[in-house]
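Below is one structure, written out as structure tokens; comments come after it.
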Amino acid sequence: MENHHIFSEYGKKSSEPSPVSQMMSKFAKDFRPGVDINLGVGYVNEDTISYDEFAEIVSVLVKKDTRPPHLLNYGGPEGSGQLIESIKGFYKELRDNKWIGDIPDFNNREIIIGVSGATSILTGIANILKPGIVITAEPIYYIYTSTLERYGFGIAPIPENKEGPDIDTLQRTLEIYLKQGTHISFCYFVTVNNPTCTVISNRRRKEIVECVQDLSKKYNVYIPIIFDLAYEWLIHYPEMEKPISPSVYDKGETVYEIGTLSKVFAPSLRIGFIIGPQGSNLLKALVQWNSDVGFSAPLITQEVSAELIRKYGKKQFESVNDGYKEKGTLFKDAIIRQIGTYLESITGGNAGFYIYLTFIGVETITNSSLFKLLSRNSGIREWDYGVEERKPRVVYLPGIYCVSPQGSMAEKGKYQMRVSYGYEDKNKLLQSVNIIKEALLEIDKKCFD
Ligand SMILES: Cc1ncc(COP(=O)(O)O)c(C=O)c1O
């Protein structure tokens, strides 16, 4: 039934699943556990999740005589005081152990807890800020840019280099928009980028803040700079530069940081937080957004998370990073060894849990030979699986979803892919590289036929 007239513009755009969710849900529907290999999703490794510790804390806290007040009642829209203090304490612990560099100054910055992870805060920002241009690094975090586009924002992608978004392009792009009077809604940068896992260097963090603030001053505008810290606590290599909070460079009260417990503790806690200048209107509007969308994150989850961080945070941080370091190194080495000659570039493997590949002349889009071979849907009898054959399929995220169709990387994206070492175990990761290699050899063979 044609009922388009009932929808808002956002509703109209949301009533059709995006191509990437269609592809992923198709794969999820007939995924064969133990056979197929999922390199496509941002799921964390089950082994990193502290089920026992969670159960222990719940069983202690939920008892009537030990529980914090109102544990099973409504919470306040700013988030639980215990959790906020716990996050601050964790920051200090990480800094004191030299796992991270300078941290936000909590004397003049405050923390608000989101209703449902970092995602609900990001969506809140899309609701409270006036639509205009959002400046972000490319390759892009496609889930959020899709949300933004449905809310009527335009995306201005800034290509990334080794240290993060290219600063000259950022400067030039901002200047063009500001000169012509186009409204810039905000800047959005992921400190360990999804999909590339490029870590924005401390030098680049400072340059970004200074560049945006200098131009904001020149053109007399306020441009919030949002840093998404989703993988900031997953920089596995101790010898790498310790990440400094971008708020340290904030001279104009425009820097906001969004963090999450999803990647180090557990995604299903749905605990995300934003740190910003104390009493800012943006934070006040986000508190109202929390209230409007569901009052608060479940109080019980907030209190359990507070205790989880306090009691097991350090141990969890270490073991999660050790685990991903091992898998990241193994996976990246296997990729370089087995299929390195097919690659123009490779990023990631030392932070977050994605590796981003650029192939030389091999397309990765959904109707490419590589995609069809890896989904065992190629029409080549020996490749595709029949009823008895349990040939594993390998799913990845085609790069085309991670680039802006209007941006300078649109063409290159057709030859790129994001593979995740988050979810699968070491054997499956190695197996997947073998399968990708076989598929590439099959493509080579066809070229010579
Ligand atoms: C860049 C980025 N931001 C935010 C999120 C979502 O975080 P949360 O689980 O807290 O909603 C993800 C998850 O994959 C992510 O990659």
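The values are calculated or read from the model by the stated rules, or taken from the named source; none is laboratory data. For clarity, every value in this text was computed on a predicted model and none was experimentally measured. Please note: Cβ atoms are built from the backbone with ideal geometry, for glycine as well, and neighbour counts cover all protein chains shown. What goes into the accessible areas is simple: the full protein's heavy atoms, side chains included, and nothing from ligands, DNA or RNA. Shrake-Rupley method; radii C 1.70, N 1.55, O 1.52, S 1.80 Å.
For this structure, a couple of remarks:
- Accessible area of Phe371 in the full protein assembly, 1.4 Å probe (Å², nearest 10): 30 Å²
- Percent RCO, i.e. relative contact order, over the chain, from Cα pairs under 8 Å lying at least 6 residues apart: 24 percent
- Accessible surface, per residue, of the stretch 137-273 when the full set of protein chains is kept, probe 1.4 Å, Å²: 36 Å²
- Helix 426-448 and the long axis of the chain differ in direction by around 50°, with both axes built from C-alpha atoms.
- With a 1.4 Å probe rolled over the protein heavy atoms of all chains, the accessible area of Arg393, Arg32 falls in the order Arg32, Arg393, largest first.
- Per-selection Rg to Rh, the stretch 279-421 - Cα, Kirkwood hydrodynamic radius: 1.12
- Accessible-area value, Leu72, 1.4 Å probe, nucleic acids and ligands omitted, Å²: 140 Å²
- Within the stretch 1-86, GluC sites (Glu not before Pro) in DSSP loop having at most 16 other beta-carbon neighbours inside 10 Å: Glu2
- Only Cα pairs under 8 Å and 6+ residues apart enter the sum, and on that basis the relative contact order of the stretch 115-220 stands at 29 percent.
- Averaged per residue, the stretch 318-449 has 46 square angstrom of accessible surface, using a 1.4 angstrom probe with ligands and nucleic acids left out.
- Contour excess over end-to-end distance, with Cα ends at Val248 and Ile365 and 0.36 nm allotted per residue: 38.0 nm
- A 1.4 Å probe, protein heavy atoms only, puts the accessible area of Glu438 near 100 Å².
- Taking Lys391, Lys242 and ordering them by how much accessible surface each has at a 1.4 Å probe, largest first, produces Lys242, Lys391.
- Sparse-neighbour loop sites [trypsin sites (Lys or Arg not before Pro); the stretch 42-99; at most 10 other C-beta within 10 Å; DSSP]: Lys63, Lys64, Lys98
- The apolar share of the surface of the stretch 259-303, taken as the fraction of accessible area on carbon and sulfur atoms (1.4 Å probe, ligands and nucleic acids excluded), comes to 57 percent.
- Ranked order, Trp289, Trp99, Trp383 - accessible area, probe 1.4 Å, largest first: Trp99, Trp289, Trp383
- When only Cα pairs below 8 angstrom with a gap of at least 6 residues are kept, the stretch 327-446 shows a relative contact order of 31 percent.
- Entry note: the chain has Rg to Rh equal to 0.97, where both radii use alpha-carbon atoms and Rh is the Kirkwood radius.
- Surface accessible to a 1.4 Å probe, per residue, for the residues of the stretch 67-124, Å²: 45 Å²
- Shown here for the stretch 184-268: trypsin sites (Lys or Arg not before Pro) in loop regions (DSSP other than H, G, I, E, B) with at most 14 other Cβ atoms within 10 Å, namely Lys251.
- Degrees between helix 202-219 axis and first principal axis of the chain (Cα, 0 to 90, nearest 10): 60 degrees
- Cα-based shape type of the stretch 103-168, given that a ≥ b ≥ c are square roots of the gyration tensor eigenvalues and the cut on a/c is 1.5: oblate
- Gain upon complete extension [Asn3, Thr341; 0.36 nm per residue less C-alpha separation]: 116.5 nm
- Rounded, prolate or oblate (a/c below 1.5 giving rounded, otherwise prolate when a/b exceeds b/c) for the stretch 136-246 by Cα gyration tensor: oblate
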